[in-house]
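The values are calculated or read from the model by the stated rules, or taken from the named source; none is laboratory data. Since we're looking at a predicted model, the values are computed, not measured. Note that each Cβ is placed from the backbone with ideal geometry, even for glycine, and that neighbours are counted across all protein chains shown. Each accessible area value is taken on the protein alone, full model and side chains, heavy atoms only, with ligands, DNA and RNA left out. Shrake-Rupley method; radii C 1.70, N 1.55, O 1.52, S 1.80 Å.
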Amino acid sequence: MKRSGKRVPDEEQEEDAGRLQFGEDFENTEVLTIDETRKYLDAHTRRREAEGKEIPLVLTKTLEYCEKFAKFRGDEEINEEATITQAKDALGEFRAGENSDEGLRAFEIGALCNLLPEHVEEAIAIIPSLDRFREEDLAGIIEQLSAIQGE
């Protein structure tokens, strides 16, 4: 019997965001924040306008969504980009405990930057994979993000 070209995921390959299993399509990919997505869509929209091209409705609606939910607003685009980079870098450097190599994964960094939970319990509820860290470590992450956002 001939098999189709489609892969059938077995139980080990099943996708589950709570366990940080996203499938091979998402391995080694960068996670964009809403702010970064807004920046790219805004540049694309401006380029299309400058070329006299029509702006598709889906692009307009997506850009509006990103503008509404952007978390790291700066007065100038350079400051905004620096703030987003600062937040992602700080989270990327986080390690669970002094002697641990375990840090946050790209998905967790993106989710934390996009959702900005205010409490540890909220962070774990919306990003279940964070339950592997100590509460005091998560509280420090949340405080750090809040401080960066407020700058």
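Structure data summary
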| quantity | calculated |
| --- | --- |
| So Thr45, is it modelled with pLDDT of 75 or more, part of a loop (DSSP other than H, G, I, E, B) and hydroxyl-bearing (Ser, Thr, Tyr) | no |
| Subset of the stretch 59-88 that is among the charged types (D, E, K, R) and at pLDDT 85 or above - its residue that is surrounded by the most Cβ atoms within 10 Å (Cβ to Cβ) | Lys88 |
| Matching residues, the stretch 113-148, being within 15 Å of the chain's Cα centre (by Cα) and open to solvent by 70 Å² or more (accessible area, probe 1.4 Å) | Leu115, Ile126 |
| Residue pairs meeting the criteria (Cβ under 6 Å; at least 6 apart or on separate chains; first of a type in the set (S, T, N, Q), in the stretch 79-95; second modelled with pLDDT under 85 and open to solvent by 20 Å² or more (accessible area, probe 1.4 Å)) | Thr83/Gly74 |
| Residue selected from the stretch 10-42 under the condition outside any helix (DSSP H, G or I) and surrounded by fewer than 11 Cβ atoms within 10 Å (Cβ to Cβ), by the criterion modelled with the lowest pLDDT | Asp10 |
